[in-house]
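This report refers to the structure that appears directly beneath it.
Derivation of every value follows stated rules applied to the coordinates shown; laboratory data play no part. Please read all numbers here as calculations on a predicted model, not as lab measurements. Please note: Cβ atoms are built from the backbone with ideal geometry, for glycine as well, and neighbour counts cover all protein chains shown.
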Amino acid sequence: MSTIINVNQNILEMEYAVRGPIPQRAAKLKQAGKNVIFCNIGNPQALGQPPLTYHRQVISLIEEPAKIERERELKEIFEESPASNLRYEDFISEDILNLSEEILTKTGMGVGAYTESKGYFFVREAIANFIDKRDRFAPKSNLQSNPESIFLTDGASDGAKRVLDLLIAKKTDGVMIPIPQYPLYSASIRMFGGVQVNYYPDEEKDWALNRATLEDAYSKATQKGVNIKAIVVINPGNPTGSILDARSVHEVIKFAQAHNIAIIADEVYQENLYGGEFVSFAKALGEIKTVPLFSLHSISKGFFGECGHRGGYLEVRNPPQISGEDLDFIDLLLKQASVSLCANSVGQIMTYLMVSPPKKEGKVQEKFIEEKEKVLANLYEKAIMVRKSFEEMDGLEAFGKTGAMYLFPRLNKLPTGTDDFDYCMALLEETGLCVVNGSGFGLKNHLRIAFLPSKKDLEDVLPRWIRFHNNYVNGTR
Ligand SMILES: Cc1ncc(COP(=O)(O)O)c(C=O)c1O
């Protein structure tokens, strides 16, 4: 008989819908040979999105530096006697070879060694430059990003967990999260033993945030003895796919300032805008020094989709002082990071490439722009396809601009006695389309669809979904 043990109840009780019962059933159906279209998770390359050549060529050379010289030698042999089935473009460009050498030199001994606990300094410097450029922070101004306030992380999830782990000091410490939310936040708050405090973006106003809703959530929680430490904002949103307007971003900052709490800005979808405008919290915060800000970014989303490589960063602005200690939050983040030694080195280089796209005009830049625009255009077209199909579904409504990789429509007309989970499970069983029920993100009578599968798969499944939907909600199945 196996040993029986007690484990951390917080982990036992936490939930993670994106990989919950519906996706698990989908995996079983697939194993049994059924055609399943996975629209349950923002994992672009799992659904056929190609990686960018720029990123992958550099990474391959960095992993095996001997290839750099070999490539040059092969190119020379080719130039002397061109083989008929090869073209000059088949060789890795000199610019990429040079860049890879440069990166290798900056790493010191290559990617097989531990890095500084905060991450390679040259990568943090490149991230700081990227932020300054993105937010138009003037050179030498006090708004400029500081590489010493940046931590490389194994994906944004890792960054979020580090901050929450440090912030949640007592059972009564609370963190405000939007509902619907990405379950990383509810799960992590649970894992670290804090209190989840829900606030509700205004769905019918394109998921905007207003001070009154935030104040309402705050006062209800504080009346129950919760000590709110931070508010999480996901922009562009997951699961909603919405893009926050500047007003909403400023409302959150004013709210955080009034209550002396930190902001955790999850901005992993900042490149997935499809026409909307992204306002970073760092930019909106400007000169305000009284609001601690933790901003997260990642290589998993945007047009990179390098989820498996686990890379990202955390930037800290206005780090709070630690009570009773001569330390600030960055000192403690460093201490905490040191325990895991460092974020994975290849993910760090991927992050470097994310923030340093090819600058020099030429073939490498042209190809990069072409591939980037193709991925983004393809995502946008698929979003439109899905949104259009909603028009034919009885009682289904989607609000907000389209951002991120998701749509989160409301199911206004579910048959009595059924809920969004039943709907999504039946949809999976009947059509092979795997989406996640809104209740998995905290909001009932909704569903989240990730518009990542190929256009062909969507063209195939959307008419079946429309038929299923209208029959299901009208009880004519
Ligand atoms: C809002 C949000 N934050 C964080 C993550 C996780 O990102 P990463 O792969 O960088 O850990 C996701 C993944 O889907 C996400 O949607």
Notebook entry, point to check: Which is the longest run of the chain containing none of the GluC sites (Glu not before Pro) found in DSSP loop states (not H, G, I, E, B) with at most 13 other C-beta atoms within 10 Å?
Noted result: 16-276
Note to self: Full-extension gain between Ile369 and Thr105, please, as 0.36 nm times their residue separation minus the C-alpha to C-alpha distance.
What the structure shows: 92.4 nm
Check: What does the convex hull of the Cα atoms come to per residue for the chain, in Å³?
Finding: 200 Å³
Margin query: For Leu334, project a label point 7 Å along Cα to C-beta. Then give me every residue of the range 127-154 with its amide nitrogen under 15 Å of that point.
Written below: 146-152
Notebook entry, point to check: Of His469, His446, His297, how do they rank once you tally other Cβ atoms within 10 Å and put the fewest first?
Noted result: His469, His446, His297
Check: Using 1/(1 + (r/R0)^6) with R0 = 35 angstrom and r between the beta carbons of Asp394 and Ser219, what's the FRET efficiency to the nearest 0.05?
Finding: 0.35
Check: What trypsin sites (Lys or Arg not before Pro) does the range 67-168 have in DSSP loop regions with at most 10 other beta carbons within 10 Å?
Finding: Arg87, Arg136, Lys140
Notebook entry, point to check: Under the Karplus relation 6.51 cos²θ - 1.76 cosθ + 1.60, θ = phi - 60°, what is the ordered set of whole-Hz ³J(HN,Hα) values for the range 274-291, x standing for Gly and Pro?
Noted result: 6, x, x, 10, 9, 10, 6, 5, 4, 5, 5, 5, x, 7, 4, 10, 9, 10
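Under the rule of -39500 (n - 2.57) per DSSP H run of 4 or more residues, summed and divided by the residues of the chain, what mean residue ellipticity at 222 nm is obtained, to the nearest 500 deg cm²/dmol?
Numbers: 16 runs with 203 residues, N = 477.
Helices in the chain give a 222 nm mean residue ellipticity of -13500 deg cm²/dmol.
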Next item on the list: Pop the C-beta distance of Asn142 and Met1 into the FRET formula with R0 = 56 Å and round what comes out to the nearest 0.05.
Entry: 0.30
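Using only the Cα atoms of the range 78-138, build the gyration tensor, take square roots of its eigenvalues as a ≥ b ≥ c, and label the shape rounded, prolate or oblate: rounded if a/c is under 1.5, else prolate if a/b is larger than b/c, else oblate.
oblate
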Check: What size of dipole, in debye to the nearest 20, comes out for the chain about its Cα centre when the only charges are +1 on Lys and Arg C-beta atoms and -1 on Asp and Glu C-beta atoms?
Finding: 1120 debye
Next item on the list: At 0.36 nm per residue, minus the direct Cα-Cα distance, what do Gln321 and Leu341 gain on full extension? Give it in nm, one decimal, please.
Entry: 4.8 nm
Check: What list do you get for Tyr274, Tyr472, Tyr269 if you sort them by fewest beta carbons within 10 Å?
Finding: Tyr274, Tyr472, Tyr269
Checklist line | Contact order normalised by residue count of the range 121-355, Cα under 8 Å, 6+ apart, percent | finding: 22 percent
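Just to verify a number: FRET efficiency for Asn98 and Arg464, C-beta to C-beta distance, R0 = 56 Å, to 0.05?
Efficiency, from the Cβ-Cβ distance: 0.65.
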Notebook entry, point to check: Any idea how far apart Glu89 and Asp419 come out in nm if each label point goes 7 Å out from Cα toward Cβ?
Noted result: 5.4 nm
Check: Which value, in Å³ per residue, describes the convex hull spanned by the Cα atoms of the range 121-355?
Finding: 124 Å³
Next item on the list: Work out how much length Glu79 to Ser60 would gain on full extension: take 0.36 nm times their residue separation and subtract the Cα-Cα distance, in nm to one decimal.
Entry: 4.5 nm
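Past the 20 Å Cα-Cα mark, which pairs from Lys301/Lys382; Lys374/Lys456; Lys401/Lys456; Lys289/Lys401; Lys301/Lys456; Lys374/Lys455?
Working: Lys301/Lys382 16 Å; Lys374/Lys456 16 Å; Lys401/Lys456 24 Å; Lys289/Lys401 31 Å; Lys301/Lys456 22 Å; Lys374/Lys455 13 Å.
Result: Lys401/Lys456; Lys289/Lys401; Lys301/Lys456 exceed 20 Å.
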Next item on the list: For Ile228, list long-range residues whose amide hydrogen, built 1.01 Å from N in the peptide plane, is under 5 Å from its own amide hydrogen.
Entry: Gly174
Check: For the range 167-288, with equal point scatterers placed on the C-alpha atoms only and solvent neglected, what are the log10 I(q)/I(0) values from the Debye formula at q = 0.16 1/Å, to two decimals?
Finding: -0.73
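Using Cα pairs under 8 angstrom and six or more residues apart, how large is the relative contact order of the chain, in percent?
Averaging sequence separation for qualifying contacts and normalising by length gives 21 percent for the chain.
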Note to self: Rounded to the nearest 20 debye, what is the charge dipole size of the range 121-355 about its Cα centre when +1 sits on each Lys and Arg Cβ and -1 on each Asp and Glu Cβ?
What the structure shows: 300 debye
Notebook entry, point to check: Any idea what the relative contact order of the range 11-102 is, in percent, if you count C-alpha pairs under 8 Å spaced at least 6 apart?
Noted result: 27 percent
Checklist line | Overall form of the range 1-103 per C-alpha gyration tensor (a/c, 1.5; a/b vs b/c) | finding: prolate
